[in-house]
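Structure first, commentary second.
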Amino acid sequence: MSTSDVWAITPSTSATLYRAATTITGGGGELELLTNDAGVNGIGYKVRFTSAADDSGDTFTIVGQKVGDLTGTATTEVVTGADSSTADSTNFYSYIQSITASGDSTGTVSIGTTGSLALPRTRIRGFQYVAAASAGSIVFNLNSTSGAEILKVNTPAGATITQQMSIPGAGILTTRSNNTDFAIMTLTQIGESLITVFCG
């Protein structure tokens, strides 16, 4: 990617991105998805299954591409259903190849995204955000929310304050040279719709 190829992302999770809240019938099987992509340019989130009733006896098998995985190998993960609650994947996915249910659902099930924004190998070139009433932070970590800290910015208190930060030079690389590295952006006090990150 050349230095002129800059793209922007505003985090946005949705409980129904992959599947609206409907019952699963016919013995389960591979579910029809509304989309396969979590977002642009290989970004991603965890997958969230929201059950209106007791689906704790069912499992959901995800086959997809993890954020930052440059090996081209699909990952398979099994998530146990929840009882009138939510169940989340462990991995952050940029692309979902398929989701298979082990059987019928007791009530409706929706499938969407949750958690912090995961970035593939890219360079953070800057961001703009609207501060909250309380002081907070914007943190980028390697491979998990507790991984090596790539960048941390403390945000001031003040709900009307808009801040913009440009990172000098070529920006900050989100990963090492590892083929499966990615970066997680965690927000404290800042709403996900109130920040835009510029990468490239």
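The values are calculated or read from the model by the stated rules, or taken from the named source; none is laboratory data. On a predicted model such as this, the values are computed, not experimentally measured, just so you know. Don't worry about glycine lacking a Cβ; one is built from the backbone with ideal geometry, like all the others, and counts go over all protein chains shown. Only protein heavy atoms, including side chains, enter the accessible area calculation; ligands, DNA and RNA are left aside. Shrake-Rupley method; radii C 1.70, N 1.55, O 1.52, S 1.80 Å.
Mind giving me the nanometre distance, one decimal, between the label points for Thr196 and Thr90, set 7 Å out from Cα along Cα→Cβ?
My value for the distance between the label points is 3.7 nm.
Sequence gap at least 6, Cα distance under 8 Å: using those rules, report the relative contact order of region 115-200 to the nearest whole percent.
Relative contact order for region 115-200 comes out at 49 percent.
Please work out how much length the chain gains when fully extended from Lys152 to Thr180, using 0.36 nm per residue of separation minus the C-alpha to C-alpha distance, in nm with one decimal. Mind dumping the intermediate values first?
Values: separation 28, 0.36 × 28 = 10.08 nm, distance 2.22 nm.
So the chain would gain 7.9 nm between Lys152 and Thr180.
Taking just the alpha-carbon atoms of the chain, what radius of gyration and Dmax come out, in angstrom?
According to the Cα coordinates of the chain, Rg and Dmax are 18.1, 56 Å.
Taking the Cα centroid of region 54-102 and of region 16-35, what is the distance between the two, rounded to the nearest whole Å?
Rounded to whole Å, the Cα centres lie 13 Å apart.
Enter the per residue convex hull volume of region 1-82, computed from alpha-carbon coordinates, in Å³ rounded to the nearest integer.
Residue-normalised Cα hull volume stands at 113 Å³.
Rounded, prolate or oblate, given the Cα gyration tensor of region 92-192, with a/c below 1.5 counting as rounded?
oblate
I'd like to know which of Ser89, Thr160, Thr100 lies farthest towards the positive end of the charge dipole of region 87-200, counting +1 on Cβ of Lys and Arg and -1 on Cβ of Asp and Glu.
Thr160
Would you look at the GNM of the chain, springs on alpha carbons closer than 10 Å, and say which of Asp37, Asp88, Asp58 moves the most?
Largest GNM mean-square fluctuation: Asp58.
Bins of 5 Å, beginning at zero and ending with the bin holding the largest distance: percent of Cα pairs per bin for region 45-116, please.
With 5 Å bins starting at 0, P(r) equals 4, 18, 30, 23, 14, 8, 3, 1.
So, with a 1.4 angstrom probe, what is the percent of accessible area on region 48-116 that is carbon and sulfur?
44
Among rounded, prolate and oblate, which fits region 37-80 when a ≥ b ≥ c are the square roots of the eigenvalues of its C-alpha gyration tensor, a/c under 1.5 means rounded, and a/b larger than b/c means prolate?
Oblate, because a/c is 1.5 or more while a/b does not exceed b/c.
Under unit Cβ charges (Lys, Arg +1; Asp, Glu -1), what dipole magnitude, rounded to 20 debye, does region 19-140 have relative to its Cα centre?
Here region 19-140 has a charge dipole of around 800 debye.
Would you mind working out the accessible area per residue for region 1-73, using a 1.4 Å probe, and quoting it in Å²? Provide the component values of the computation, followed by the final result.
Working: 3590 Å² over 73 residues.
Per-residue accessible area for region 1-73 comes out at 49 Å².
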